[in-house]
Structure formats: structure tokens, C-alpha cells
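The values are calculated or read from the model by the stated rules, or taken from the named source; none is laboratory data. The shown structure was predicted, so the numbers you read here are calculated from the model rather than taken from an experiment. Here Cβ is always computed from backbone atoms with ideal geometry, including for glycine, and neighbour counts include all displayed protein chains. SASA here: full protein model, heavy atoms, side chains in, ligands and nucleic acids out. Shrake-Rupley method; radii C 1.70, N 1.55, O 1.52, S 1.80 Å.
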Number of protein chains: 2
Amino acid sequence: MSDLITIAKQTGSAFRLKKGQLLKVIDPQGGQVSDLVLFNEADVREKISAGKTMDFEESILISENNFLWSNRSRKMMKIIKDTNGRNDILLAPCSPETFEIMYDHKGYHPSCFENLHTNLENFGITPDDIPTAFNIFMNVQFEPDGKLSVLPPTSTAGDYVLLEAQMDLIIGMTACSAEDSNGGTFKPIQYQILGSEDKPKN
Amino acid sequence: MSDLITIAKQTGSAFRLKKGQLLKVIDPQGGQVSDLVLFNEADVREKISAGKTMDFEESILISENNFLWSNRSRKMMKIIKDTNGRNDILLAPCSPETFEIMYDHKGYHPSCFENLHTNLENFGITPDDIPTAFNIFMNVQFEPDGKLSVLPPTSTAGDYVLLEAQMDLIIGMTACSAEDSNGGTFKPIQYQILGSEDKPKN
């Protein structure tokens, strides 16, 4: 079991995770989103696909017992445990343009997109390679007419999602930088890497 | 105005469309889906993003007056007219694995994924570059609990979607090959390229 690692508010991290290892993503204060992207360590052209995940899992809402799938139709991670239960896989990571276009914000604004591609650069991943993420704790509501709205997360302090790697992975993760996604305040995200021996029984 | 071009059942096509030109996608018999993918002609690393489209349009359902957005947060096409009104942008193009995993099909099966990447190969686009498509006439229903189901299209003979290019594009299009998406029968799709002078008034 690794140390508990903290991703400071409005920043990101990138690291390797081996097949069978577990990633525990923790919301230490509550109400904070973490964008998660996945790449096959052996060939980063294989990566998480929101469209394939929703297709194979036959659901918009992805939680405990669902898999995250790649653009090559292979399982990348399994969600072993999800204490909160609300995540999003519809919306792309917030980017500089998100704040220009949707928030009418002028000037620099931190974003998940920047925090993903700058941290993943060392692994040969470019900005254009950043896919739609699995947005842990993100609370996107949808109406029968398709209308989407982003509400504050329902997660409270200590909520976590535990995921098991199905292949050797390169992972990018953030503490999300978008006001609306995080109830208007920015908090850190924590994570821990666990061995297969730490996998919960049953 | 170009000739009316027919995409035979379970096949695909790829072509250029200049900024300001219109693409009319027609369901000549009714009940047939067409997967549409878009690339920036000047740099094919810029392409349609389902996650950015749902984010900026704030909707799962994309129809008349919505834009299709790229991974670089730019408008690629505008939907000028949609006579049927039901399309999908959630699910990835059907691929060989779709039929293996979801249909339990053994052996070869035509797929949108194959029909997109083989037709787009001449433009330097590889299988790994194929994004989640805009699935014209595809009728994906979603429940409040997120559960997805694929129903037969509601389109009838002659229904069409008219889209205006917002930049110079390379386009991939199919007549979809998945049984469930097309009510169990495979039909052709037709398209026509129109000049800006053919754009409907008002």
C-alpha cells in the first residue's frame, strides 16, 4: 500500500499503475470532482473511451461493478467500490475554452485539460490525445428531453472510489478546476495505490 | 449541388467538405442510422468530440440548431435542419467487438468502425483515431437511472439532417451495420453536398 498522495486544489498528477493494482480516489473534504483518464502503458494510442464504456455497460451512470473500456474495446479498469455512487462520463474535461465560452471568464483559468496534458507530457501524450474523462464525484443531471445540468457533488468527506487495473496503465488525474462542478470551492483530491492483496474480499 | 450519392447498406464513405458547404444526410427508406465523424482537413488531430459537444450544447440530445464541437473546443458543423429530430452522440461506432461482446456473434461482421477507418485511411486517419460519432437517426433511450437501450429509428423514408461546415472538413459516414440500431434490417444512406447558396432562408 502506497502513502496517501494529495493532489492540491486545481492541479493534477500522472503515474503508472500495473495490472491487478488498485487505485483509491478519495474526496478528503467532500464536494470535489476528480477527472480520471487512462492509457495503455504499452501503447498510449489505446485509451479510455466514454462512448465504448457507455455502450458496453449500457448506462450513462458508471459506478460500482462497472468497467471502464478503451477505444480498442478492452477493459481498462473495474470499479470495485464506490461509496458515493455518482460520477459522470458524459462531459469533456474543463479546458481554457470552457471558461471563455461557458463562464465568460477573461484571462487565465486553471483547467483539468491543462492539468492532464502537462502531467501526461512525460509519457508522450499530447493535448490532442486527452479523451473525455471518467469524472469521479461529478454530479451531472439529465432530463428526459436530454438537457444537462451540473450540480454540486453529493460526496462527503472521506468518500472514495476504488478501481482495479485490468492492464498496465498510465493514469492522469486532477482535482477539478471548474466552479460549477465543485459547488463553487476548490478542494484537494487524494489517492493511494494498493496491491492486489489489499483488494476487499467478496 | 452535387449528385445524390448512395452509401450501400453496411458500407461507408469519406470525402472533403469546405467551410460554408452543406451536407444533407438522407434516410431514403426510413429506419436507418448513419454514423458521422469529422476531422479538421488542415490537421486531422482535431476531430469531433462527443464530450465537448454535450458540454457546450448542454444536452445529450443533439438536433436542429446545435453545433458539433471538436476536441479543441471549436465548432465543426451546425445542424441547420433535422426533419426527424432523434440522433445519438453517446455510443461509439459499432465495431467487430460490439458483435462479439454484445451480440455473441461468431466470425466476421461488417461494422461502422471498419467502414470508417478503411474509408478514412486515404486521409491519414488510423483505426485508433476514430472518435465517438454523431449517430444520425439513432434512437438511444435513457432512463432516469442512466440505463440505455437502443430502439429502432423513428425516421421515415425521406427524413434528412442538413449540416453546415464551420471549417474545412474531412468527413467519414456510414450506413450502420448493427442489427439493433436499425430495426433488424440494413438499408442504404444517401447524401448530397450543397453550396452555401442552397442554404435555406430564415
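Key figures
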| quantity | calculated |
| --- | --- |
| Region A:64-104: relative contact order in percent, alpha carbon pairs under 8 Å with at least 6 residues between | 28 percent |
| Selected from A:LYS81, A:LYS47, A:LYS106 as most flexible by GNM, with chain A as the system and alpha-carbon contacts under 10 Å | A:LYS106 |
| Position A:ASP198, label points 7 Å along Cα→Cβ, spacing to each other copy in nm (shortest first, one decimal) | 6.1 |
| Dipole moment magnitude, nearest 20 debye, region B:68-114 about Cα centre, only Lys, Arg, Asp, Glu C-beta charged | 540 debye |
| Relative contact order (percent, whole number), region A:5-198, Cα cutoff 8 Å, 6+ residue spacing | 45 percent |
| Fluctuation leader among A:PRO153, A:PRO188, A:PRO96 - chain A, Gaussian network, Cα springs under 10 angstrom | A:PRO96 |
| Interface size A-B, as summed buried accessible area [1.4 Å probe, Å², nearest 100] | 2900 Å² |
| Solvent-free Debye scattering, log10 I(q)/I(0), computed from the Cα coordinates of region A:1-117 at q = 0.16, 0.24 Å⁻¹ | -0.91, -1.60 |
| Separation between Cα centres of region A:171-188 and region B:71-109, rounded to whole Å | 30 Å |
| Across the identical copies, how the A:GLU121 labels are spaced - nm, sorted shortest first, 7 Å along Cα→Cβ | 3.6 |
| Per-copy distances of the B:SER63 label point, shortest first, in nm (7 angstrom along Cα→Cβ) | 2.9 |
| Global form of region A:60-169, assessed from the alpha-carbon gyration tensor, a/c cut-off 1.5 | oblate |
| Cβ-placed point charges (K, R +1; D, E -1), dipole of the protein assembly as shown about Cα centre in debye, nearest 20 | 200 debye |
| Per-residue [θ]222 nm for the protein assembly as shown (sum of -39500 (n - 2.57) over DSSP H runs n ≥ 4, rounded to 500) | -3000 deg cm²/dmol |
| GNM top mover of A:PRO152, A:PRO127, A:PRO144 - chain A, alpha-carbon springs below 10 Å | A:PRO144 |
| Debye, to nearest 20: dipole size of region A:1-125, +1 on Lys, Arg Cβ, -1 on Asp, Glu Cβ | 520 debye |
| Portion, in percent, of the accessible area of region B:101-202 that falls on carbon or sulfur, probe 1.4 Å | 50 percent |
| Qualifying chymotrypsin sites (Phe, Trp or Tyr not before Pro) for region A:81-176 [loop in DSSP, other Cβ within 10 Å: at most 16] | A:TYR103, A:TYR108 |
| With eigenvalues of the C-alpha gyration tensor scaled by 5 and rooted, region B:5-196, Å | 23, 19, 17 |
| Alpha-carbon centroid distance for the pair region B:1-35 / region A:141-169, whole angstrom | 36 Å |
